[in-house]
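Report on the structure given below.
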Amino acid sequence: MKIAFFDTKPYDRIWFEPGAKQLDFSIKFHEVKLNEDTAVLAKGCDAVCIFVNDVADKNTIEKLCQLGVRAILLRCAGFNNVDLKAAKGKIHVLRVPSYSPEGVAEYTIALLLTANRKIHRAYTRTRDFNFSIHGLMGVDLHDKTVGVIGTGKIGQMVIDILRGLKMQIIAYDLYPNPNLDVEYVSLPELFKRSDVITLHCPLTKETEYMINRDSIAMMKKGVILINTSRGRLIDTKALIEALDRGKFLGVGLDVYEEEDDFFFEDKSNEIVTNEDLVRLTSYPNVIITSHQGFFTKEAMEAIATVTLENALDLELSRNLQNEVTI
């Protein structure tokens, strides 16, 4: 099998090259992202392997099909960047449904603790030998109410950790888990009751911009908001307006709705003209990280293993257990 690998980073090769060699697969690594213009790089390949910021829209899929590409191998769980309607009946879409949910959950708690106790600011200060603690005050999380939106594998792991912090947990999910010992509530009730809100749901038409002007208006003043899921769950402009009004005690973002041109890239020598992103970095109570919640050794190894197993299933005409269908 020949695979065109898009949006390649050095750490991708560490796990994919040995695995491909073992299976006698041929991988062409490309640093550029997949889109309508770069799809031609998949010529002669059986599949393309893409990540969260690659674009597999209708036009791109049509070009891939014209080139004889049989499958899109997502090395991630989310598939909002793939036009599934355009792919249906034309090209297989395979994903990695789970890779170290523990890692993402642990990172979520790290963001929560950092945003609350201003650890990022304290670190910067002490490197300049400024040991003042003025402006670094947080709140006790013990006995506070945390609203968990999305109770899949990651959400459940987050809940397990939050129990250890002795927080009061409420949750919302379109499909509540009857076996999960947690209080499910409506979204409006979750927004009104929560001292902390953390997002762990996929990006769909129903969840896009679920954090907006109306939902923010329902929240308590001094709420902490954490997002390690997908950027477009939050309306950035509404978030900025609320930050200007002092609505949030802290905001922790590992994702951003316009992250495609920035996250996973080094832009330190460039002038960033994305006004909303620049604005967000200016708030002392906002911490932004570069979509690294998943980034552990265990997760990267699992991603490579499952992605290549998906490719092997396709090659051997086996049941495609990780195929995304609509």
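Take the conditions (1) touching a residue at least 12 places away in the same chain (Cβ under 8 Å); (2) out of contact with any helix residue (DSSP H, G or I) (no Cβ under 6 Å at 6 or more places or on another chain); residue 37 misses just one of them, which is (1). What do you reckon, is residue 250 modelled with pLDDT of 95 or more and in contact with a strand residue (DSSP E or B) (Cβ under 6 Å, 6 or more places away or on another chain)? For residue 250, the condition - modelled with pLDDT of 95 or more and in contact with a strand residue (DSSP E or B) (Cβ under 6 Å, 6 or more places away or on another chain) - is met. For region 175-190, the set of residues classified as buried (at least 16 other Cβ atoms within 10 Å of the Cβ) and within 18 Å of residue 238 (Cβ to Cβ) consists of 190 only.
Scanning region 99-119 for residues that are hydroxyl-bearing (Ser, Thr, Tyr) and open to solvent by 40 Å² or more (accessible area, probe 1.4 Å) yields one hit, 107. Residue count for region 70-86 under the criterion of being among the aliphatic types (A, V, I, L, M) and either open to solvent by 20 Å² or more (accessible area, probe 1.4 Å) or without any contact (Cβ under 8 Å) to a residue 60 or more places away in the chain (or both): the result is 4. Residue 294 meets each of the listed conditions (1) free of Cβ contacts under 8 Å to residues at least 24 places away in the same chain; (2) assigned to a loop (DSSP other than H, G, I, E, B) apart from (1). Has region 201-212 got at least one residue that is over 30 Å from residue 326 (Cβ atoms) and either modelled with pLDDT of 95 or more or hydrophobic (A, V, I, L, M, F, W, C) (or both)? No, there is no match, as no residue in region 201-212 is over 30 Å from residue 326 (Cβ atoms) and either modelled with pLDDT of 95 or more or hydrophobic (A, V, I, L, M, F, W, C) (or both). When residues in region 182-213 are screened for being among the acidic types (Asp, Glu) and within 14 Å of residue 147 (Cα to Cα), 3 of them pass.
Does at least one position in region 114-122 carry a residue that is in contact (Cβ under 8 Å) with a residue 60 or more places away in the chain and touching a helix residue (DSSP H, G or I) at 6+ places or on another chain (Cβ under 8 Å)? Looking for residues that are in contact (Cβ under 8 Å) with a residue 60 or more places away in the chain and touching a helix residue (DSSP H, G or I) at 6+ places or on another chain (Cβ under 8 Å), one finds at least one in region 114-122, hence yes. If you filter region 136-152 down to residues that are in contact (Cβ under 8 Å) with a residue 24 or more places away in the chain and open to solvent by 60 Å² or more (accessible area, probe 1.4 Å), you find that the one that is farthest from residue 118 (Cα to Cα) is 143. Within region 72-90, the set of residues being of a type outside the set (S, T, N, Q) and assigned to a loop (DSSP other than H, G, I, E, B) comprises 75, 76, 77, 78, 79, 83, 88, 89, 90.
The values are calculated or read from the model by the stated rules, or taken from the named source; none is laboratory data. Just so it is clear, the structure is predicted and the values come from calculations on it, not from any experiment. All Cβ positions, even for glycine, are placed from backbone atoms using ideal geometry, and neighbour counts span all protein chains on display. Each accessible area value is taken on the protein alone, full model and side chains, heavy atoms only, with ligands, DNA and RNA left out. Shrake-Rupley method; radii C 1.70, N 1.55, O 1.52, S 1.80 Å.
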